[in-house]
1. Exactly one condition in (1) over 23 Å from residue A:231 (Cβ atoms); (2) exposed (fewer than 12 other Cβ atoms within 10 Å of the Cβ) is not met by residue A:273; state its number.
2. Looking only at region A:298-313, decide whether some residue is closer than 30 Å to residue A:253 by Cα, exposed (fewer than 14 other Cβ atoms within 10 Å of the Cβ) and touching a residue at least 24 places away in the same chain (Cβ under 8 Å).
3. Being within 14 Å of chain B (Cβ to nearest Cβ), crowded, with 21+ Cβ neighbours inside 10 Å and over 28 Å from the mean Cα position of the chain (by Cα) is true for just one of A:106, A:95, A:89, A:73. Which residue is that?
4. For residue A:111, only one of the following conditions fails: (1) in a strand (DSSP E or B); (2) more than 9 Å from chain B (Cβ to nearest Cβ); (3) at pLDDT 95 or above. What is its number?
5. Applying the selection to region B:185-218, what residues are in contact (Cβ under 8 Å) with a residue 12 or more places away in the chain, within 15 Å of residue B:95 (Cβ to Cβ) and facing chain A (nearest Cβ under 7 Å)?
6. Suppose we filter region A:157-172 for residues that are assigned to a loop (DSSP other than H, G, I, E, B) and either away from every other protein chain (no Cβ under 13 Å) or buried (at least 22 other Cβ atoms within 10 Å of the Cβ) (or both); how many remain?
7. Restricting the search to region A:314-357, which residues are on the phi > 0 side of the Ramachandran plot and either in contact (Cβ under 8 Å) with a residue 40 or more places away in the chain or surrounded by 13 or more Cβ atoms within 10 Å (Cβ to Cβ) (or both)?
8. Just checking, which of B:141, B:130, B:162, B:181 is in a helix (DSSP H, G or I), surrounded by fewer than 16 Cβ atoms within 10 Å (Cβ to Cβ) and more than 14 Å from chain A (Cβ to nearest Cβ)?
């Protein structure tokens, strides 16, 4: 896909007093991309978004929008719109007036404005509510209007600041699909900020994992989940078992390690150069219980069980290590392991990852 | 039921007593005086005629004919004009002051609010006298004016400007406080949303800040306008009595003029003006509330 660059961030740093919010961050967002900035609170993701919008300016570095430097442009001169976390709908205006606000400021004539407002209300399925005010809407409806208002002026980039965090679980699920399809339909570049890894994995074309003010990894959802660049990413995205191991040899992208289970395995590695201590990351759902025929086999004892409905989390003690194992409950009231029961575990080498400690 | 009714009656009795003693009875007395006859040596005689009200618009000519005379209408007009000007200037000055207070650091806010209310701790007469000295000959105002190269001035005192300065100074805290409360409540995300949607500063002020702080601004306008049209001290001391206002007119009728019924009639007109302003404001507020709920 040969696509243009929508946003380029070059070596951007930002400090508030002595607090370093961002430290030398660089990345490029392509046109029509659903790009997610993911990280724990305080990682600098919102600061980055606010710098693209123009509400903050970088202490160092540059931000380019469609190839043009925007450093000196105030927010109202950037062809970028924001969906605010609190929606920030104007309470004294009707929904139609809210959506028309940006268009009026851009100098669209009345006819064009009205047509666009109607189109936007249609797009977010809120046409019958045009004359209402924000106070009369539910959370999900406000969310839709905030989206319509931000999309109406046809921005080059749409910024979304944790827009789903105020919604309840069911609604959040539905809005994810809606956001995704809106992005496809409009073809506008979305930059989505969230601390919710599930949202990020579900919606994004690419994810940028931020931690401690720095980029930890940029990649597609499956790259981020299956091939985490380091311990931070493996830990933050999804659940995993960290097993301390000894690297025997490193050969290209693979490393031979000695595990505490008394076996040696060869697995893909990231960030290693030679022998020494390292961490083996093994996701709970990639470990099988008894049924697993191929791969390495471990003997252990169940020490804990968390029933989650669709699946069950077991804690299994293997050679002094506590492993989390996730098992899908494929059949109703099917076999279940009791704490204290001995079990056989199996995993394949190609689902383990060796990471620098 | 009967017990409840008894409780209601006696429970509200203190409030009724207070309203009666401080509001209804005094206004009744003024209304009564305004209908009376002028006493030969000041004071008044009980009567029931409207001659005092007629005097506001007409004078008795040499030939005992009533002639229309706009001199009191002009005083009423001037009073309203000064009241409106004071309100407008207070509003224009209050918005930035309130904005600064609302955006000050948390610890400073109460201090700044306290500073705004500080003048109320000093008697009004003393404060207006202070302006007499500041604006007077060789006063601080004149010295500052000359320091910055201003030409010779006769005097700042006893001019409409001096009166306005005094009135704005006296009543501005009544505007700053409600405006501050309104700005403080304003969600900063809304201002960002306005800028984000291509609104410049002026658009943001006009379409977001002003409509959302309007309840505070209109409350402040009422609080300033109502006492401003009844003011006595500023026109007397700073205006030098050259610009007669309704407040000073009433004062002279009860004092040197010795025409209590006429003074009382003007006072009733002043009160009617205030009531009209309050009714208009209440209607507008009710309309706005209805619109917001619709």
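The values are calculated or read from the model by the stated rules, or taken from the named source; none is laboratory data. Since this is a predicted model, take the numbers as computed values, not measurements. No Cβ is skipped: glycine too gets one built from the backbone with ideal geometry, and neighbour counts run over all protein chains shown.
1. (1)
2. Yes: region A:298-313 contains one or more residues that are closer than 30 Å to residue A:253 by Cα, exposed (fewer than 14 other Cβ atoms within 10 Å of the Cβ) and touching a residue at least 24 places away in the same chain (Cβ under 8 Å).
3. Numbers: A:106 fails: crowded, with 21+ Cβ neighbours inside 10 Å; A:89 fails: over 28 Å from the mean Cα position of the chain (by Cα); A:73 fails: crowded, with 21+ Cβ neighbours inside 10 Å.
Residue meeting the stated conditions: A:95.
4. In the conditions (1) in a strand (DSSP E or B); (2) more than 9 Å from chain B (Cβ to nearest Cβ); (3) at pLDDT 95 or above, residue A:111 misses (1) alone.
5. The answer is B:208, B:212.
6. So in region A:157-172, the residues assigned to a loop (DSSP other than H, G, I, E, B) come out as A:162-168.
Narrowing further to those that are either away from every other protein chain (no Cβ under 13 Å) or buried (at least 22 other Cβ atoms within 10 Å of the Cβ) (or both): A:163-165, A:167-168.
So the count comes out to 5.
7. A:319, A:320
8. On the way: B:141 fails: surrounded by fewer than 16 Cβ atoms within 10 Å (Cβ to Cβ); B:162 fails: surrounded by fewer than 16 Cβ atoms within 10 Å (Cβ to Cβ); B:181 fails: surrounded by fewer than 16 Cβ atoms within 10 Å (Cβ to Cβ).
Result of the check over B:141, B:130, B:162, B:181: B:130.
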